[in-house]
Amino acid sequence: MKSDFARADVLIVGGGFSGTMLAAQLARRSLSSIIIEGADRAGRGTAFSTPEEAHLLNVPAARMSAWPDLPDDFAQHVQRHGFTPADFVPRQEFGDYLRTILDEAIAGGCVQLIAEEASDASPVCGGWTVEAGGKAYEGRALALAQGNLAPQVPGVARDLPRSMFVNDPWSEEGQAAIACAAEDGADVLCIGTGLTMVDVVLSLTEAGHAGRILAVSRRGLVPRSHAPNETAPVERDDVPQGSLLSLWRWLRKRTAIVGWRAAVDSLRPHSQALWHSLDTREQKRFLRHARPWWDIHRHRIAPQIADRLEGMVKDRRLEVMAGRVASLVSDGAAVDAAITPRGASQDLRRRFGLAINCTGPLGAIRFTRDPMLHNLLSAGRVEPDGLGMGLQVDGRGRAEGSERLWAVGPLTKGVWWEIVAVPDIRQQVAVVADDIAEELEQ
(Lines give C-alpha, C1' and ligand atoms only; values in the text may rest on other atoms or scores of the structure.)
Protein backbone atom coordinates (compact mmCIF):
# COMPACT_ATOMS: atom_id res chain seq x y z
CA MET A 1 0.00 0.00 0.00
CA LYS A 2 1.48 3.29 -1.13
CA SER A 3 1.17 6.36 1.11
CA ASP A 4 0.80 9.83 -0.38
CA PHE A 5 1.72 11.27 3.01
CA ALA A 6 -1.70 12.89 3.48
CA ARG A 7 -2.33 13.23 7.20
CA ALA A 8 -4.92 14.94 9.34
CA ASP A 9 -6.23 14.99 12.87
CA VAL A 10 -9.33 13.03 11.82
CA LEU A 11 -10.08 10.72 8.92
CA ILE A 12 -13.78 10.84 8.00
CA VAL A 13 -15.19 8.09 5.78
CA GLY A 14 -18.33 9.37 4.07
CA GLY A 15 -19.03 12.79 2.63
CA GLY A 16 -22.78 13.18 2.97
CA PHE A 17 -24.48 15.35 5.57
CA SER A 18 -22.98 13.50 8.55
CA GLY A 19 -19.40 13.54 7.26
CA THR A 20 -19.53 17.07 5.88
CA MET A 21 -20.91 18.60 9.05
CA LEU A 22 -18.53 16.66 11.26
CA ALA A 23 -15.64 18.05 9.22
CA ALA A 24 -17.12 21.56 9.45
CA GLN A 25 -17.61 21.24 13.22
CA LEU A 26 -14.03 19.99 13.62
CA ALA A 27 -12.78 22.95 11.56
CA ARG A 28 -14.53 25.26 14.02
CA ARG A 29 -12.35 23.62 16.68
CA SER A 30 -9.19 24.09 14.59
CA LEU A 31 -8.87 20.38 13.89
CA SER A 32 -7.95 19.15 10.41
CA SER A 33 -9.79 16.34 8.65
CA ILE A 34 -9.69 14.30 5.45
CA ILE A 35 -13.06 13.29 4.00
CA ILE A 36 -12.85 10.08 1.96
CA GLU A 37 -15.88 9.76 -0.31
CA GLY A 38 -15.98 7.59 -3.41
CA ALA A 39 -19.49 8.20 -4.71
CA ASP A 40 -18.87 11.68 -6.16
CA ARG A 41 -21.47 13.10 -3.79
CA ALA A 42 -19.27 14.87 -1.26
CA GLY A 43 -21.09 17.75 0.39
CA ARG A 44 -24.45 16.42 -0.74
CA GLY A 45 -24.75 12.72 0.01
CA THR A 46 -27.42 10.51 -1.50
CA ALA A 47 -30.53 12.39 -0.42
CA PHE A 48 -29.40 15.86 -1.49
CA SER A 49 -27.54 14.98 -4.69
CA THR A 50 -30.73 14.58 -6.73
CA PRO A 51 -30.95 17.13 -9.57
CA GLU A 52 -34.73 16.82 -9.83
CA GLU A 53 -36.75 19.77 -8.59
CA ALA A 54 -39.67 17.43 -7.88
CA HIS A 55 -37.71 15.92 -4.99
CA LEU A 56 -38.59 18.25 -2.14
CA LEU A 57 -37.41 18.41 1.45
CA ASN A 58 -39.78 16.67 3.85
CA VAL A 59 -39.80 19.63 6.25
CA PRO A 60 -39.94 23.42 5.75
CA ALA A 61 -36.67 25.27 5.16
CA ALA A 62 -36.92 26.98 8.55
CA ARG A 63 -36.16 23.69 10.31
CA MET A 64 -33.23 22.59 8.14
CA SER A 65 -30.21 24.55 9.30
CA ALA A 66 -27.04 22.46 9.30
CA TRP A 67 -25.83 24.25 12.45
CA PRO A 68 -27.56 23.71 15.81
CA ASP A 69 -26.45 27.16 17.00
CA LEU A 70 -27.57 28.96 13.81
CA PRO A 71 -31.21 27.91 13.42
CA ASP A 72 -31.95 30.42 10.62
CA ASP A 73 -28.90 29.62 8.50
CA PHE A 74 -30.62 27.57 5.78
CA ALA A 75 -33.73 29.77 5.80
CA GLN A 76 -31.54 32.77 5.04
CA HIS A 77 -29.82 30.80 2.28
CA VAL A 78 -33.06 29.91 0.47
CA GLN A 79 -34.45 33.42 0.83
CA ARG A 80 -31.60 34.57 -1.42
CA HIS A 81 -32.95 32.14 -4.02
CA GLY A 82 -36.56 33.27 -3.91
CA PHE A 83 -37.98 30.84 -1.34
CA THR A 84 -39.51 31.50 2.06
CA PRO A 85 -38.64 29.76 5.35
CA ALA A 86 -42.04 28.03 5.23
CA ASP A 87 -41.41 26.46 1.81
CA PHE A 88 -40.67 22.81 1.14
CA VAL A 89 -37.77 23.58 -1.18
CA PRO A 90 -36.11 21.21 -3.69
CA ARG A 91 -33.56 18.94 -2.04
CA GLN A 92 -30.91 20.11 -4.47
CA GLU A 93 -31.11 23.52 -2.75
CA PHE A 94 -30.03 21.89 0.49
CA GLY A 95 -27.32 20.00 -1.38
CA ASP A 96 -25.95 23.30 -2.76
CA TYR A 97 -26.07 24.80 0.73
CA LEU A 98 -24.22 21.85 2.23
CA ARG A 99 -21.62 21.86 -0.54
CA THR A 100 -21.00 25.56 0.16
CA ILE A 101 -20.26 24.71 3.79
CA LEU A 102 -17.82 22.03 2.67
CA ASP A 103 -16.12 24.30 0.13
CA GLU A 104 -15.65 26.99 2.77
CA ALA A 105 -14.06 24.46 5.14
CA ILE A 106 -11.75 23.27 2.36
CA ALA A 107 -10.81 26.85 1.46
CA GLY A 108 -10.03 27.51 5.12
CA GLY A 109 -7.36 24.83 5.00
CA CYS A 110 -8.86 22.51 7.60
CA VAL A 111 -10.48 19.95 5.27
CA GLN A 112 -9.17 17.83 2.42
CA LEU A 113 -11.38 15.79 0.11
CA ILE A 114 -10.31 12.45 -1.35
CA ALA A 115 -12.59 11.17 -4.12
CA GLU A 116 -11.95 7.46 -3.57
CA GLU A 117 -13.78 4.58 -1.89
CA ALA A 118 -12.30 3.54 1.45
CA SER A 119 -11.49 -0.16 1.37
CA ASP A 120 -10.04 -0.82 4.83
CA ALA A 121 -8.89 0.81 8.05
CA SER A 122 -6.27 -0.26 10.56
CA PRO A 123 -5.35 1.09 13.98
CA VAL A 124 -1.78 2.33 14.29
CA CYS A 125 0.10 3.78 17.22
CA GLY A 126 -1.90 6.79 18.33
CA GLY A 127 -4.36 6.75 15.44
CA TRP A 128 -5.63 5.10 12.24
CA THR A 129 -4.69 4.40 8.65
CA VAL A 130 -7.36 4.24 5.94
CA GLU A 131 -6.75 2.61 2.57
CA ALA A 132 -8.49 4.16 -0.43
CA GLY A 133 -7.68 4.09 -4.13
CA GLY A 134 -4.40 2.29 -3.61
CA LYS A 135 -3.09 4.85 -1.14
CA ALA A 136 -2.97 5.12 2.64
CA TYR A 137 -4.12 8.10 4.68
CA GLU A 138 -3.16 8.69 8.29
CA GLY A 139 -5.08 10.33 11.10
CA ARG A 140 -5.08 10.58 14.86
CA ALA A 141 -8.75 9.52 14.90
CA LEU A 142 -11.27 7.86 12.61
CA ALA A 143 -14.96 8.72 12.14
CA LEU A 144 -17.41 6.56 10.17
CA ALA A 145 -20.11 8.55 8.40
CA GLN A 146 -21.24 6.39 5.48
CA GLY A 147 -24.90 7.30 5.94
CA ASN A 148 -27.71 5.01 4.79
CA LEU A 149 -26.36 1.82 3.25
CA ALA A 150 -27.65 0.22 0.06
CA PRO A 151 -30.38 -2.38 0.73
CA GLN A 152 -30.03 -6.13 0.47
CA VAL A 153 -31.46 -7.72 -2.68
CA PRO A 154 -34.89 -9.26 -1.90
CA GLY A 155 -34.93 -13.01 -2.27
CA VAL A 156 -37.60 -12.94 -4.97
CA ALA A 157 -35.41 -10.70 -7.15
CA ARG A 158 -32.07 -12.51 -6.92
CA ASP A 159 -32.44 -14.27 -10.28
CA LEU A 160 -33.63 -11.24 -12.25
CA PRO A 161 -31.28 -9.72 -14.85
CA ARG A 162 -29.85 -6.36 -13.82
CA SER A 163 -31.57 -4.72 -16.76
CA MET A 164 -34.96 -5.57 -15.24
CA PHE A 165 -34.30 -5.07 -11.54
CA VAL A 166 -32.97 -2.05 -9.63
CA ASN A 167 -31.80 -2.78 -6.10
CA ASP A 168 -30.43 0.68 -5.30
CA PRO A 169 -32.50 3.41 -7.00
CA TRP A 170 -29.85 6.01 -6.12
CA SER A 171 -26.93 4.29 -7.83
CA GLU A 172 -25.86 5.45 -11.28
CA GLU A 173 -27.01 2.11 -12.66
CA GLY A 174 -30.37 2.49 -10.93
CA GLN A 175 -30.91 6.00 -12.22
CA ALA A 176 -30.11 4.88 -15.76
CA ALA A 177 -32.56 1.96 -15.54
CA ILE A 178 -35.32 4.27 -14.26
CA ALA A 179 -34.69 6.67 -17.16
CA CYS A 180 -34.89 3.76 -19.63
CA ALA A 181 -38.16 2.53 -18.08
CA ALA A 182 -39.61 6.02 -18.42
CA GLU A 183 -38.59 6.16 -22.07
CA ASP A 184 -40.01 2.70 -22.82
CA GLY A 185 -43.28 3.44 -21.02
CA ALA A 186 -43.51 -0.07 -19.58
CA ASP A 187 -45.31 -0.75 -16.31
CA VAL A 188 -43.09 -0.59 -13.20
CA LEU A 189 -43.26 -2.54 -9.94
CA CYS A 190 -42.09 -0.84 -6.74
CA ILE A 191 -41.37 -3.22 -3.87
CA GLY A 192 -42.08 -0.98 -0.88
CA THR A 193 -44.40 2.00 -0.34
CA GLY A 194 -42.34 4.38 1.81
CA LEU A 195 -40.24 7.46 1.07
CA THR A 196 -38.06 5.64 -1.47
CA MET A 197 -41.16 4.71 -3.45
CA VAL A 198 -42.28 8.34 -3.41
CA ASP A 199 -38.94 9.45 -4.85
CA VAL A 200 -38.95 6.74 -7.52
CA VAL A 201 -42.49 7.58 -8.62
CA LEU A 202 -41.52 11.26 -8.91
CA SER A 203 -38.38 10.38 -10.88
CA LEU A 204 -40.37 8.27 -13.31
CA THR A 205 -43.01 10.95 -13.74
CA GLU A 206 -40.47 13.72 -14.27
CA ALA A 207 -38.78 11.58 -16.92
CA GLY A 208 -42.06 11.31 -18.82
CA HIS A 209 -43.09 7.79 -17.83
CA ALA A 210 -46.54 7.07 -19.22
CA GLY A 211 -47.03 3.52 -17.98
CA ARG A 212 -48.61 2.34 -14.75
CA ILE A 213 -46.84 1.92 -11.43
CA LEU A 214 -47.76 -0.67 -8.82
CA ALA A 215 -46.31 -0.21 -5.30
CA VAL A 216 -46.59 -3.17 -2.94
CA SER A 217 -45.75 -3.52 0.74
CA ARG A 218 -46.99 -5.71 3.56
CA ARG A 219 -49.44 -3.07 4.84
CA GLY A 220 -49.65 -0.77 1.83
CA LEU A 221 -48.89 2.30 3.94
CA VAL A 222 -47.78 5.54 2.27
CA PRO A 223 -46.15 8.51 4.09
CA ARG A 224 -48.70 11.02 5.34
CA SER A 225 -48.72 14.67 4.35
CA HIS A 226 -47.67 17.70 6.35
CA ALA A 227 -50.48 20.12 7.15
CA PRO A 228 -50.82 23.21 9.36
CA ASN A 229 -51.33 22.25 12.99
CA GLU A 230 -50.95 23.73 16.43
CA THR A 231 -48.05 22.51 18.54
CA ALA A 232 -48.81 20.60 21.75
CA PRO A 233 -45.50 20.07 23.59
CA VAL A 234 -45.27 17.66 26.51
CA GLU A 235 -42.72 17.02 29.23
CA ARG A 236 -40.77 13.79 29.05
CA ASP A 237 -42.04 12.65 32.45
CA ASP A 238 -45.62 12.94 31.17
CA VAL A 239 -44.98 10.27 28.53
CA PRO A 240 -44.98 6.56 29.48
CA GLN A 241 -41.52 5.02 29.32
CA GLY A 242 -40.29 1.45 29.23
CA SER A 243 -43.46 -0.06 27.74
CA LEU A 244 -44.35 0.06 24.05
CA LEU A 245 -48.01 -0.76 24.73
CA SER A 246 -48.35 2.02 27.30
CA LEU A 247 -46.71 4.50 24.95
CA TRP A 248 -48.97 3.43 22.09
CA ARG A 249 -52.10 3.87 24.23
CA TRP A 250 -50.89 7.28 25.39
CA LEU A 251 -50.29 8.36 21.80
CA ARG A 252 -53.79 7.31 20.72
CA LYS A 253 -55.39 9.23 23.61
CA ARG A 254 -53.23 12.25 22.93
CA THR A 255 -54.15 12.12 19.25
CA ALA A 256 -57.85 12.30 20.11
CA ILE A 257 -57.18 15.53 22.02
CA VAL A 258 -54.64 17.47 19.90
CA GLY A 259 -54.63 15.61 16.56
CA TRP A 260 -52.13 13.03 15.34
CA ARG A 261 -49.63 15.48 13.86
CA ALA A 262 -49.28 17.45 17.07
CA ALA A 263 -49.20 14.27 19.16
CA VAL A 264 -46.42 12.70 17.08
CA ASP A 265 -44.44 15.95 16.91
CA SER A 266 -44.62 16.33 20.69
CA LEU A 267 -42.54 13.15 21.02
CA ARG A 268 -39.77 14.49 18.78
CA PRO A 269 -37.65 16.05 21.58
CA HIS A 270 -37.96 12.86 23.65
CA SER A 271 -37.73 10.14 20.98
CA GLN A 272 -34.18 9.05 21.75
CA ALA A 273 -34.81 8.96 25.49
CA LEU A 274 -38.01 6.97 24.92
CA TRP A 275 -36.10 4.54 22.69
CA HIS A 276 -33.51 4.01 25.41
CA SER A 277 -36.24 3.40 27.97
CA LEU A 278 -37.32 0.30 26.01
CA ASP A 279 -35.38 -2.90 26.54
CA THR A 280 -34.23 -4.93 23.53
CA ARG A 281 -37.37 -7.08 23.57
CA GLU A 282 -39.61 -4.01 23.44
CA GLN A 283 -37.48 -2.39 20.73
CA LYS A 284 -37.85 -5.52 18.62
CA ARG A 285 -41.62 -5.40 19.18
CA PHE A 286 -41.61 -1.85 17.89
CA LEU A 287 -39.67 -2.83 14.78
CA ARG A 288 -42.00 -5.76 14.05
CA HIS A 289 -45.34 -4.13 14.68
CA ALA A 290 -45.24 -0.36 15.15
CA ARG A 291 -42.44 0.87 12.94
CA PRO A 292 -44.41 1.14 9.65
CA TRP A 293 -47.12 3.20 11.38
CA TRP A 294 -44.57 5.40 13.13
CA ASP A 295 -42.60 5.99 9.93
CA ILE A 296 -45.54 7.20 7.83
CA HIS A 297 -46.74 9.60 10.54
CA ARG A 298 -43.35 10.78 11.77
CA HIS A 299 -41.56 11.14 8.40
CA ARG A 300 -44.15 13.07 6.43
CA ILE A 301 -43.98 14.46 2.90
CA ALA A 302 -44.62 17.91 1.45
CA PRO A 303 -48.32 18.68 0.82
CA GLN A 304 -47.76 19.27 -2.89
CA ILE A 305 -46.10 15.85 -3.22
CA ALA A 306 -48.99 14.19 -1.40
CA ASP A 307 -51.44 15.92 -3.74
CA ARG A 308 -49.46 14.75 -6.74
CA LEU A 309 -49.51 11.13 -5.59
CA GLU A 310 -53.21 11.33 -4.86
CA GLY A 311 -53.81 12.62 -8.38
CA MET A 312 -51.83 9.74 -9.86
CA VAL A 313 -53.89 7.26 -7.86
CA LYS A 314 -57.12 8.85 -9.08
CA ASP A 315 -55.85 8.70 -12.67
CA ARG A 316 -54.94 5.03 -12.13
CA ARG A 317 -51.34 5.69 -13.02
CA LEU A 318 -50.30 4.64 -9.50
CA GLU A 319 -51.73 1.78 -7.48
CA VAL A 320 -50.72 1.09 -3.88
CA MET A 321 -51.39 -2.43 -2.67
CA ALA A 322 -51.10 -4.19 0.68
CA GLY A 323 -49.63 -7.60 0.04
CA ARG A 324 -46.40 -9.36 -0.81
CA VAL A 325 -44.49 -10.18 -3.95
CA ALA A 326 -44.52 -13.97 -4.08
CA SER A 327 -42.29 -14.42 -7.12
CA LEU A 328 -40.54 -12.54 -9.92
CA VAL A 329 -39.50 -14.33 -13.11
CA SER A 330 -37.99 -12.87 -16.26
CA ASP A 331 -38.58 -14.29 -19.72
CA GLY A 332 -36.03 -11.95 -21.24
CA ALA A 333 -38.61 -9.43 -22.41
CA ALA A 334 -40.31 -8.49 -19.12
CA VAL A 335 -40.81 -9.52 -15.50
CA ASP A 336 -43.74 -11.78 -14.62
CA ALA A 337 -44.81 -11.11 -11.03
CA ALA A 338 -47.02 -13.15 -8.72
CA ILE A 339 -48.43 -10.86 -6.03
CA THR A 340 -50.51 -11.99 -3.06
CA PRO A 341 -52.83 -9.21 -1.85
CA ARG A 342 -53.19 -8.99 1.92
CA GLY A 343 -55.98 -11.33 3.07
CA ALA A 344 -56.30 -13.02 -0.33
CA SER A 345 -55.75 -16.71 -1.03
CA GLN A 346 -54.89 -16.39 -4.72
CA ASP A 347 -52.06 -14.55 -6.43
CA LEU A 348 -52.45 -11.79 -8.98
CA ARG A 349 -50.36 -12.10 -12.10
CA ARG A 350 -48.89 -8.92 -13.56
CA ARG A 351 -46.21 -8.13 -16.11
CA PHE A 352 -43.65 -5.33 -15.71
CA GLY A 353 -40.79 -3.86 -17.65
CA LEU A 354 -38.85 -3.08 -14.47
CA ALA A 355 -38.96 -3.96 -10.76
CA ILE A 356 -37.40 -1.58 -8.22
CA ASN A 357 -36.45 -2.22 -4.61
CA CYS A 358 -38.07 0.61 -2.62
CA THR A 359 -37.81 -1.03 0.81
CA GLY A 360 -35.38 1.63 2.03
CA PRO A 361 -31.86 1.44 3.46
CA LEU A 362 -30.14 -1.71 4.68
CA GLY A 363 -31.67 -2.94 7.93
CA ALA A 364 -28.95 -5.35 9.12
CA ILE A 365 -25.33 -4.21 9.23
CA ARG A 366 -23.98 -7.73 8.75
CA PHE A 367 -25.19 -7.68 5.14
CA THR A 368 -23.33 -4.50 4.23
CA ARG A 369 -21.48 -4.44 0.94
CA ASP A 370 -19.35 -1.49 2.04
CA PRO A 371 -15.83 -3.00 1.92
CA MET A 372 -14.44 -0.99 4.80
CA LEU A 373 -17.35 -1.68 7.13
CA HIS A 374 -17.24 -5.35 6.20
CA ASN A 375 -13.53 -5.56 7.04
CA LEU A 376 -13.92 -3.65 10.31
CA LEU A 377 -16.75 -5.95 11.39
CA SER A 378 -14.86 -9.09 10.38
CA ALA A 379 -11.80 -7.96 12.32
CA GLY A 380 -13.87 -7.14 15.43
CA ARG A 381 -12.79 -3.49 15.30
CA VAL A 382 -16.42 -2.42 15.43
CA GLU A 383 -19.44 -4.23 16.91
CA PRO A 384 -23.06 -4.40 15.72
CA ASP A 385 -25.61 -2.80 18.02
CA GLY A 386 -27.96 -4.98 20.06
CA LEU A 387 -30.51 -5.05 17.24
CA GLY A 388 -27.94 -5.67 14.52
CA MET A 389 -29.11 -2.56 12.62
CA GLY A 390 -25.93 -0.51 12.80
CA LEU A 391 -22.88 -0.03 14.99
CA GLN A 392 -22.74 -0.04 18.77
CA VAL A 393 -21.74 3.38 20.09
CA ASP A 394 -21.81 5.12 23.44
CA GLY A 395 -23.42 8.46 24.24
CA ARG A 396 -20.47 10.34 22.74
CA GLY A 397 -20.53 8.39 19.49
CA ARG A 398 -17.50 6.22 20.32
CA ALA A 399 -17.69 2.86 18.58
CA GLU A 400 -17.19 -0.29 20.60
CA GLY A 401 -14.20 -2.43 19.72
CA SER A 402 -11.48 0.18 19.12
CA GLU A 403 -9.87 3.33 20.46
CA ARG A 404 -10.26 6.74 18.83
CA LEU A 405 -13.05 5.51 16.57
CA TRP A 406 -16.40 7.28 16.28
CA ALA A 407 -19.56 6.70 14.21
CA VAL A 408 -22.24 9.26 13.34
CA GLY A 409 -25.55 9.43 11.51
CA PRO A 410 -27.65 6.48 10.30
CA LEU A 411 -24.88 4.01 11.19
CA THR A 412 -25.94 4.56 14.81
CA LYS A 413 -29.71 4.19 14.30
CA GLY A 414 -29.97 0.98 16.33
CA VAL A 415 -28.70 2.86 19.39
CA TRP A 416 -30.49 6.18 18.84
CA TRP A 417 -33.34 5.28 16.44
CA GLU A 418 -34.18 8.88 15.48
CA ILE A 419 -30.83 9.71 13.90
CA VAL A 420 -31.57 9.85 10.18
CA ALA A 421 -32.89 13.42 9.86
CA VAL A 422 -30.91 16.66 9.75
CA PRO A 423 -32.13 18.09 13.11
CA ASP A 424 -30.97 14.96 14.95
CA ILE A 425 -27.67 14.46 13.14
CA ARG A 426 -26.59 18.10 13.48
CA GLN A 427 -26.81 17.77 17.25
CA GLN A 428 -24.95 14.46 17.23
CA VAL A 429 -22.02 15.67 15.12
CA ALA A 430 -21.55 18.68 17.41
CA VAL A 431 -21.33 16.35 20.41
CA VAL A 432 -18.93 14.03 18.59
CA ALA A 433 -16.74 16.94 17.46
CA ASP A 434 -16.49 18.11 21.06
CA ASP A 435 -15.52 14.62 22.22
CA ILE A 436 -12.90 14.20 19.48
CA ALA A 437 -11.39 17.59 20.33
CA GLU A 438 -11.24 16.69 24.00
CA GLU A 439 -9.63 13.31 23.22
CA LEU A 440 -6.99 14.71 20.88
CA GLU A 441 -6.09 17.57 23.19
CA GLN A 442 -5.13 15.17 26.01
**Item:** Span per principal axis, largest first, for the Cα atoms of region 68-120 (Å)
**Value:** 43, 22, 19
**Request:** Run down the aspartates and glutamates and flag those whose C-alpha is under 19 Å from the C-alpha of LYS135, throwing out any fewer than 8 positions away in its chain.
**Result:** ASP4, ASP9, GLU37, ASP40, GLU116, GLU117, ASP120, ASP370
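State the extension gain, in nm to one decimal, for the chain segment bounded by GLN346 and ASP237, taking 0.36 nm per residue of separation less the distance between their alpha-carbons. Don't jump to the answer; show the numbers that get you there.
On the way: separation 109, 0.36 × 109 = 39.24 nm, distance 4.89 nm.
So the extension gain works out to 34.4 nm.
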**Prompt:** In angstroms, what radius of gyration and Dmax does the chain have, counting Cα atoms only?
**Reply:** 22.1, 66
**Request:** Whenever you get a sec, compute what percent of the accessible area on the chain sits on carbon and sulfur atoms (1.4 Å probe).
**Result:** 48
**Request:** Using the charge dipole of region 354-442 (Lys, Arg: +1 at Cβ; Asp, Glu: -1 at Cβ; taken about the Cα centre), state which of GLN392, CYS358, VAL415 has its Cα farthest towards the positive end.
**Result:** CYS358
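Report the FRET efficiency, 1/(1 + (r/R0)^6), for ALA333 and ARG291, where r is their Cβ-Cβ distance and R0 is 41 Å, rounded to 0.05. The partial results should precede the final answer.
On the way: r = 37 Å, r/R0 = 0.91.
Once rounded, the FRET efficiency stands at 0.65.
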**Request:** Calculate, in nm to one decimal, what LYS253 and ALA379 gain on full extension: separation in residues at 0.36 nm each, minus their alpha carbon distance.
**Result:** 40.5 nm
**Item:** 11 Å cut-off, amide nitrogen to a point 7 angstrom out along THR100 Cα→Cβ, residues in region 19-41
**Value:** none
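With +1 assigned to the C-beta of every Lys and Arg and -1 to the C-beta of every Asp and Glu, and no other charges, what is the dipole magnitude of region 227-295 about the Cα centre in debye, to the nearest 20?
Numbers: 12 positive and 8 negative charges, 76 e Å.
Here region 227-295 has a charge dipole of around 360 debye.
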**Asked** Heavy-atom accessible area per residue, the chain, 1.4 Å probe: how many Å²?
**Response** 45
**Complete:** Between the alpha carbon centres of region 419-442 and region 140-184 the gap in Å comes to 30
**Request:** Please work out the Cα center distance from region 189-229 to region 256-325, rounded to the nearest Å.
**Result:** 14
**Request:** Would you work out the charge dipole size for the chain about its Cα centre, treating the Cβ of every Lys and Arg as +1 and the Cβ of every Asp and Glu as -1, and quote it to the nearest 20 debye?
**Result:** 1760
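Please give the length that would be gained between LEU221 and ASP307 if that part of the chain were fully extended, namely 0.36 nm times their separation in residues minus their C-alpha to C-alpha distance (nm, one decimal). Write down the numbers at each step before the final one.
Details: separation 86, 0.36 × 86 = 30.96 nm, distance 1.58 nm.
Gain on stretching LEU221 to ASP307: 29.4 nm.
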**Prompt:** What size of dipole, in debye to the nearest 20, comes out for region 402-442 about its Cα centre when the only charges are +1 on Lys and Arg C-beta atoms and -1 on Asp and Glu C-beta atoms?
**Reply:** 260
**Request:** Just name one of ALA227, LEU70, THR368: the one whose Cα is farthest towards the positive end of the charge dipole of the chain (beta-carbon charges, Lys/Arg +1, Asp/Glu -1).
**Result:** ALA227
**Spin-label zone in region 399-434 - amide nitrogen under 11 Å from a point set 7 Å from the Cα of ALA6 along the C-beta vector** = none
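Can you work out the FRET efficiency for the pair SER246 and THR280, with r the C-beta to C-beta distance and R0 = 22 Å, to the nearest 0.05?
Details: r = 17 Å, r/R0 = 0.79.
Plugging the Cβ-Cβ distance into 1/(1 + (r/R0)^6) gives 0.80.
The values are calculated or read from the model by the stated rules, or taken from the named source; none is laboratory data. All values derive from a computational prediction rather than experimental measurement. Because the Cβ atoms are built from the backbone with ideal geometry, glycine has one as well, and the counts that use them run over all protein chains shown. What goes into the accessible areas is simple: the full protein's heavy atoms, side chains included, and nothing from ligands, DNA or RNA. Shrake-Rupley method; radii C 1.70, N 1.55, O 1.52, S 1.80 Å.
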